[in-house]
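Each remark here refers to the structure printed beneath this line.
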Amino acid sequence: MLHFRSFALPAVASLLTLVFTGFAWHQLHGDYLSRREATFSHLANETQNLLQQQLDRSARLLRSAQAHYASGNGNTLASFLAPQLPTAGLNGLESLSISPLVTLEQRDNFLASQRQKTGSGFDISPAGERPLYAPVSLALNAQGARLTQLGQDLFADPEQQRILTLARDAGSPSLSGSLTLRADGSEFKPGFIIASPLFTPGEPALSVAERRTHLQAWLVAAFSMREWLHETLGQKADDLELLITDGAQNSAETRLSPASGSSAPVAVATDLSYSGELRLGERIWPLQINALPTFNSRIGGDPAKPVALLGAVLAALLFYLCMHLSAGRRRSSNEVERLQDALQEAEERWRFALEGSGDGVWDWDLKSGQISFSPRCDEILGVSAGQAAKAIIHPEDESQERAAMQACLDGKSSQYLSEHRMQGEDGQWHWVAARGMVVARTFTGAAARMIGTMSDITERKTASERLQGMAQVDAQTGLPNRTLFFDRLQQALRMAKRKRETLALLCVDVDNFRSVNENFGQAVGNKLLREIAERLSCTIRDSDTVSHFGSDDFTLLLSTLASDEDAHLVTHKLHAALSQDFVINNRHISITVSIGAALFPQHARSAETLLNSAQRAMQQARKAGGNTVCFSLTGKS
């Protein structure tokens with residue numbers, strides 16, 4: 001019995017030390033993993049946004065050139081593009097070329113005309129008779145200088161011919177998959193192109209048939225994938241592994257990145273992976289981003305490892321000290337006091353090591369009702385020394401925190417885990433992660449003592465809420481984006497069906513917005529979009545929603561309408577509000593808008609069909625000359 005008692009005290013002391021160490025390790029390691037995941041998520045989102053911005057920037061340049069050509073200035077297209085290319089920021093651009101559509105019957109006259117213009121032996125390559133040709137007649141490099149390697153027939157490559165055909169039928173820039181491209185006679189692989197059609201000035205190009213009839217040429221931007229990624233991301237991607245494919249299937253034919261062209265699958269380097277997509281028009285490139293092992297160096301090592309090692313050393317030291325104390329009970333009181341001081345010093349070292357990692361320690365004696373907090377707890381809660389017990393829990397978090405605590409006290413849960421807000425003397429709400437466990441119970445099983453830790457997670461919570469908000473808001477106008485708008489539309493439809501109410505969906509398009517960018521610059525155009533967004537938001541009710549889908553398109557949701565007439569009144573209020581001049585940079589700018597409207601349940605009963613009906617009505621308003629409002633009739637504009 002004496003031997004057992006002398007062994008029990010050292011064992012219990014060592015066990016408590018290991019328990020504290022285990023809690024500290026679990027908390028520190030969890031915080032490290034959370035910080036690591038948040039850092040990777042932010043970097044992956046930033047990488048995707050940078051690549052998407054490059055695609056959008058290239059498309060905008062091609063659209064501006066398309067508008068310049070449509071205005072009857074086809075002969076000055078090269079002089080229009082050349083000064084813009086050095087400052088356009090098109091990373092990885094190898095060439096920007098014009099390829100007219102030439103039939104077999106037109107080939108000889110076309111060759112004669114080109115040879116007369118260039119003063120050289122211009123020819124189409126590869127040679128041979130084909131029904132249609134798309135030879136490069138003019139090419140500029142990224143600095144706006146003319147290239148001499150001309151005559152390459154893009155229609156000779158089936159994949160490039162397919163992309164040119166898609167661009168022609170769509171009437172807008174189209175994105176290719178992985179291609180083998182040539183520039184000045186040298187190969188670079190892989191790469192991709194963005195093609196934009198050029199139609200006969202003054203001729204209609206609204207339908208597919210009209211576009212096929214009036215197509216004259218294509219404007220084709222060719223990019224080197226390797227340089228595109230390197231110039232866009234720079235050192236941001238040094239710790240990331242990017243896999244970009246053309247379609248959902250990963251193969252050597254569809255893979256655009258890595259640029260090695262290897263057919264071997266790309267392995268996930270760590271447990272951190274992100275999946276997204278890059279989109280231009282109807283073309284989607286699936287994007288997967290994996291963290292390389294070197295990514296961990298961005299956030300430093302795991303602080304839990306040295307704490308675990310120190311805890312093990314302290315546990316061994318406590319075991320030895322307690323054994324020595326038990327064996328020397330009959331020694332002098334001075335020896336006992338010395339050993340007790342050594343034990344206290346070891347415990348203080350452990351507490352110092354734990355608080356050095358940024359965590360506070362608390363100890364609750366349930367018999368006396370007293371709770372002792374370490375100084376770090378006071379700092380986390382924003383209270384003066386020794387006043388941590390006076391901090392209050394946020395009313396919204398109190399019920400779940402009390403439930404977690406009671407479950408641990410009752411033995412239903414082995415650990416107490418809770419993330420909640422607490423308010424100290426500074427009046428600020430601090431997010432904390434509290435962990436604890438019952439380390440002693442009475443003979444009846446009631447909890448007698450509970451110990452735990454507290455850490456400040458305010459920064460992590462704030463970063464998480466900021467990332468969530470960015471994913472649902474349009475960066476240009478601050479309005480809800482397409483994702484958030486559809487979520488609100490689905491909720492409004494469910495409510496309207498249940499209460500048998502009427503709601504309206506409006507599509508607002510700025511007439512001839514492209515002329516604003518051309519006459520005043522893109523910066524003024526962007527500010528005009530923000531002013532339009534603010535004016536729309538001020539015109540509707542707080543319960544309604546206005547969203548920006550991109551470009552100059554806005555979509556509004558009017559819920560809980562008393563009658564169809566309410567929708568008519570709102571559309572005319574919007575039309576009147578937007579008819580007033582906008583003052584931007586001391587310039588008065590006037591615009592007109594085309595508004596299309598569709599009502600639920602009169603015109604459609606689902607979100608997709610309601611939006612399609614409103615868009616068709618808006619197109620009808622544009623065809624009528626713009627500056628008007630058009631309502632959908634039984635689902636048809």
| Given (1) touching a helix residue (DSSP H, G or I) at 6+ places or on another chain (Cβ under 6 Å); (2) without any contact (Cβ under 8 Å) to a residue 40 or more places away in the chain, where does H588 come up short, assuming only one miss? | (1)
| When residues of region 49-78 are filtered for being open to solvent by 30 Å² or more (accessible area, probe 1.4 Å), at pLDDT 90 or above, farther than 12 Å from L198 by Cα and not hydrophobic (A, V, I, L, M, F, W, C), how many remain? | 6
| Is it the case that region 450-465 has a residue that's assigned to a helix (DSSP H, G or I), charged (D, E, K, R), open to solvent by 30 Å² or more (accessible area, probe 1.4 Å) and in contact with a Leu (Cβ under 7 Å, 6 or more places away or on another chain)? | no
| field | Flag for V524 being over 25 Å from A598 (Cα atoms), out of contact with any helix residue (DSSP H, G or I) (no Cβ under 6 Å at 6 or more places or on another chain) and either of a type in the set (G, A, S) or open to solvent by less than 20 Å² (accessible area, probe 1.4 Å) (or both) | value | yes
| Single residue of D509, D474 found to be farther than 18 Å from V583 by Cβ, charged (D, E, K, R) and modelled with pLDDT under 90 | D474
| request: Kindly list the number of the only condition in (1) within 21 Å of F20 (Cα to Cα); (2) at pLDDT below 85; (3) open to solvent by 50 Å² or more (accessible area, probe 1.4 Å); (4) touching a helix residue (DSSP H, G or I) at 6+ places or on another chain (Cβ under 9 Å) that fails for F373. | output: (2)
| said: Checking the structure you have, find out if any residue of region 528-546 is in a strand (DSSP E or B) and either more than 32 Å from the chain's Cα centre (by Cα) or in contact (Cβ under 8 Å) with a residue 12 or more places away in the chain (or both). | reply: yes
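Please go through region 123-150 and give me each residue that is in a loop (DSSP other than H, G, I, E, B) and closer than 27 Å to Q84 by Cα, ordered by number. Break it down stepwise before answering.
Our first condition is that a residue be in a loop (DSSP other than H, G, I, E, B); within region 123-150, this holds for 123-124, 126-131, 134, 136-137, 141-145, 147-150.
A134, V136, S137, N141, A142, Q143, G144, A145, L147, T148, Q149, L150 - these are the residues of region 123-150 that are in a loop (DSSP other than H, G, I, E, B) and closer than 27 Å to Q84 by Cα.
Go through the residues of region 546-558 one by one and say whether even a single one is among the aliphatic types (A, V, I, L, M) and more than 24 Å from V473 (Cα to Cα).
Narrowing region 546-558 to residues among the aliphatic types (A, V, I, L, M): 546, 556-558.
Still in the running and more than 24 Å from V473 (Cα to Cα): none.
No, region 546-558 has no match at all.
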| Scanning region 83-100 for residues that are modelled with pLDDT of 90 or more and of a type in the set (A, V, I, L, M, F, W, C), which turns out nearest to G151 (Cα to Cα)? | I98
| query | Conditions: (1) out of contact with any His (no Cβ under 6 Å at 6 or more places or on another chain); (2) part of a helix (DSSP H, G or I); (3) under 30 Å from R211 (Cβ atoms); (4) open to solvent by 40 Å² or more (accessible area, probe 1.4 Å). T39 meets all but one. Number of the miss? | reply | (3)
| task | Check region 467-490 and report whether any residue there is touching a Cys at 6+ places or on another chain (Cβ under 8 Å) and either charged (D, E, K, R) or in a strand (DSSP E or B) (or both). | result | no
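Could you pull out every one of the strands (runs of 3 or more DSSP E) wholly within region 239-282 that has 2 or more residues that are modelled with pLDDT under 85?
The qualifying strands (runs of 3 or more DSSP E) are 255-257.
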| Hey, among the residues in region 398-412 that are open to solvent by 70 Å² or more (accessible area, probe 1.4 Å) and part of a loop (DSSP other than H, G, I, E, B), which one's modelled with the highest pLDDT? | D410
| said: So for region 105-127 (the condition being in contact with a Leu (Cβ under 9 Å, 6 or more places away or on another chain), on the phi > 0 side of the Ramachandran plot and of a type outside the set (S, T, Y)), does at least one residue qualify? | reply: no
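Condition check ((1) among the basic types (K, R); (2) over 21 Å from M495 (Cα atoms); (3) out of contact with any helix residue (DSSP H, G or I) (no Cβ under 6 Å at 6 or more places or on another chain)) across all residues:
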{"position": "D553", "(1), (2), (3)": "no, yes, yes"}
{"position": "T560", "(1), (2), (3)": "no, no, yes"}
{"position": "L574", "(1), (2), (3)": "no, yes, no"}
{"position": "D581", "(1), (2), (3)": "no, yes, yes"}
{"position": "T592", "(1), (2), (3)": "no, yes, yes"}
{"position": "Q602", "(1), (2), (3)": "no, no, yes"}
{"position": "A614", "(1), (2), (3)": "no, no, yes"}
{"position": "Q619", "(1), (2), (3)": "no, yes, yes"}
{"position": "S632", "(1), (2), (3)": "no, yes, no"}
| query | Within region 49-88, how many residues are without any contact (Cβ under 8 Å) to a residue 24 or more places away in the chain and over 23 Å from A205 (Cβ atoms)? | reply | 4
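Being of a type in the set (D, E, K, R) and open to solvent by less than 30 Å² (accessible area, probe 1.4 Å) is true for just one of D511, D487, D542. Which residue is that? Spell out how you get there, then give the answer.
Numbers: D487 fails: open to solvent by less than 30 Å² (accessible area, probe 1.4 Å); D542 fails: open to solvent by less than 30 Å² (accessible area, probe 1.4 Å).
Exactly one residue qualifies, and that residue is D511.
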| said: Quick test of your reading of the structure: P173 fulfils all but one of (1) within 22 Å of L90 (Cβ to Cβ); (2) open to solvent by 30 Å² or more (accessible area, probe 1.4 Å). Name the failing condition by number. | reply: (2)
| query | Looking only at region 89-122, which residues are surrounded by 13 or more Cβ atoms within 10 Å (Cβ to Cβ) and without any contact (Cβ under 8 Å) to a residue 40 or more places away in the chain? | reply | G89, V102, Q106, R107, F110, L111, S113, Q114, R115, T118, F122
| task | Give me a count of the residues in region 563-593 that are over 18 Å from R530 (Cα atoms) and either surrounded by 17 or more Cβ atoms within 10 Å (Cβ to Cβ) or of a type outside the set (G, A, S) (or both). | result | 10
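Each row is one residue, and each column tells you yes or no for (1) assigned to a loop (DSSP other than H, G, I, E, B); (2) at pLDDT 95 or above; (3) open to solvent by less than 20 Å² (accessible area, probe 1.4 Å).
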position: E187; (1), (2), (3): no, no, no
position: F192; (1), (2), (3): no, no, yes
position: G202; (1), (2), (3): yes, no, no
position: V220; (1), (2), (3): no, yes, yes
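I'm checking my understanding of the structure. Among residues of region 376-397 that are open to solvent by 80 Å² or more (accessible area, probe 1.4 Å) and not hydrophobic (A, V, I, L, M, F, W, C), which one is farthest from S413 (Cα to Cα)? Show your work before the answer.
Start the filter on region 376-397 by keeping residues that are open to solvent by 80 Å² or more (accessible area, probe 1.4 Å), which leaves 379, 385, 390, 392, 395-396.
Restricting the remaining residues to those that are not hydrophobic (A, V, I, L, M, F, W, C) gives 379, 390, 395-396.
Values: E379: 29, K390: 26, P395: 23, E396: 22 Å.
It comes out as E379.
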| field | Pairs where the first residue, in region 413-435, is under 15 Å from D359 (Cβ atoms) and open to solvent by 40 Å² or more (accessible area, probe 1.4 Å) and the second is of a type in the set (D, E, K, R) and at pLDDT below 85, C-beta under 7 Å, 6+ apart | value | W431/K461
| request: Select from region 591-637 the residues that are in contact with a His (Cβ under 6 Å, 6 or more places away or on another chain) and either assigned to a loop (DSSP other than H, G, I, E, B) or modelled with pLDDT under 90 (or both) and list them in ascending order. | output: S632, G635
| How do the pairs read when you match residues in region 126-141 that are closer than 12 Å to Q152 by Cα and open to solvent by 50 Å² or more (accessible area, probe 1.4 Å) with residues anywhere that are modelled with pLDDT of 90 or more and not hydroxyl-bearing (S, T, Y), using Cβ under 9 Å and keeping only pairs 6 or more apart or on different chains? | P126/Q152; P126/D153; P126/A156
| message | For a quick check of your reading of the model, give me the residue pairs whose first member lies in region 144-158 and is touching a residue at least 40 places away in the same chain (Cβ under 8 Å), whose second is open to solvent by 30 Å² or more (accessible area, probe 1.4 Å) and among the charged types (D, E, K, R), with beta-carbon atoms closer than 7 Å and at least 6 apart or on different chains. | response | L147/D184
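The values are calculated or read from the model by the stated rules, or taken from the named source; none is laboratory data. None of these values were measured; they are calculated from a predicted model. In this analysis, Cβ positions are derived from the backbone assuming ideal geometry, glycine residues included, and neighbour counts consider all displayed protein chains. Accessible surface areas use protein heavy atoms only, side chains included; no ligands, DNA or RNA. Shrake-Rupley method; radii C 1.70, N 1.55, O 1.52, S 1.80 Å.
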